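Below is one structure; the comments refer to it alone.
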Amino acid sequence: MFYCLFLQIIPHKRDFDYVIIHGSGLHKDGTVTQLLKDRCDKAIEVYRKDPSPPILVPSGSQGADEVCSEAMAMKNYLLSQGIPENRIEMEGQSTTTWENLKFSKTLIESFPGRHYVALVTSNYHVYRALRYCSKLNFSCTGIGARVASYYWPSALIREFVAVHREPKHLILFLIGYVLVIASILIR
């Protein structure tokens, strides 16, 4: 939780070559939800502050109940906000955070030149996304988008569970749990 909050106040480097925007669900009509709009708006902010505007990489596939891919919905939103089409490269295959990063990395590395990358997702999600980047040997700067305060509790619980499903964290969590229970039982 503190890491998520800290990301809101630390300064971010500028001069990115690419900015990955992580997808999340869409409205039934194929438009971006508020959560996804906040991610896109943060990416647009990074784009506009950058001395040499980066390529924006909206990332996310089409769910069974969606009329278009998340990447296409984000692209449409970015275009409506004045981002030129030649500054957008969609990644439309991914269904998970891991795939967002894996497929975006492959896409970005297919272009020549420098690959200084930022990833934009909701602030509660940056920690896990950067952990996955590390596992993929993918150097990124994480940038957290604003999240409504009512959404924070459920989002943090979901992230906590997702991180602790990883074998190393699950083992450490279980050891800690056993130690706490043992100390209570000994008293």
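The values are calculated or read from the model by the stated rules, or taken from the named source; none is laboratory data. Treat the numbers as computed from the prediction; the structure is a model and nothing was measured. A quick note on method: Cβ atoms are made from the backbone with ideal geometry, for glycine too, and the neighbour counts reach across all protein chains shown. Ligands, DNA and RNA are stripped out before the accessible areas are found, and what is left, the full protein with its side chains, is counted by its heavy atoms. Shrake-Rupley method; radii C 1.70, N 1.55, O 1.52, S 1.80 Å.
For segment 121-127, backbone phi angles converted through the Karplus equation (6.51, -1.76, 1.60; θ = phi - 60°) give residue-by-residue couplings of 8, 5, 4, 5, 9, 4, 4 Hz, Gly and Pro being listed as x. Each of LYS135, LYS105 has its accessible area taken with a 1.4 Å probe; listed largest first, they run LYS135, LYS105. Here each label is just a point 7 Å from Cα along the line to Cβ, and for VAL67 and ARG48 those points are 2.8 nm apart. Shown for segment 19-62 is the translational diffusion coefficient from the Stokes-Einstein equation, using the Kirkwood radius over Cα pairs, a temperature of 25 °C and a viscosity of 0.890 mPa s: 222 µm²/s. Computed from label points 7 Å out along Cα-Cβ, the spacing between HIS115 and LEU179 is 3.9 nm.
Distant-in-sequence amide contacts of GLN62, defined by a placed amide H-H separation under 5 Å and a gap of 5 or more residues or a different chain, comprise GLU70. In a reduced charge model with +1 at each Lys and Arg Cβ and -1 at each Asp and Glu Cβ, segment 50-157 shows a dipole moment near 420 debye about its Cα centre. For a test of the definition: using alpha carbon positions, the gyration tensor, and the 1.5 limit on a/c, classify segment 21-133 as rounded, prolate or oblate. Rounded. Ranking VAL46, VAL178 from most to least accessible surface, computed with a 1.4 Å probe over the protein chains only, gives VAL178, VAL46. Full extension of the chain between ARG131 and THR33 yields a length gain of 32.7 nm, computed as 0.36 nm times the residue separation minus the alpha carbon distance.
Distant-in-sequence amide contacts of PHE16, defined by a placed amide H-H separation under 5 Å and a gap of 5 or more residues or a different chain, comprise nothing. Coupling constants for segment 107-117 follow from the phi torsions by the Karplus curve (6.51 cos²θ - 1.76 cosθ + 1.60, θ = phi - 60°), and in residue order they are 4, 4, 6, 6, 9, x, x, 6, 10, 8, 10 Hz; glycine and proline get x.
Using the Cβ-Cβ distance between ILE171 and LEU79 with R0 set to 35 Å, the FRET efficiency works out to roughly 0.15.
Once R0 is set to 41 Å, what does the formula 1/(1 + (r/R0)^6) return for the Cβ-Cβ distance between THR95 and ASP15, expressed as a FRET efficiency to the nearest 0.05? Calculated transfer efficiency: 0.85.
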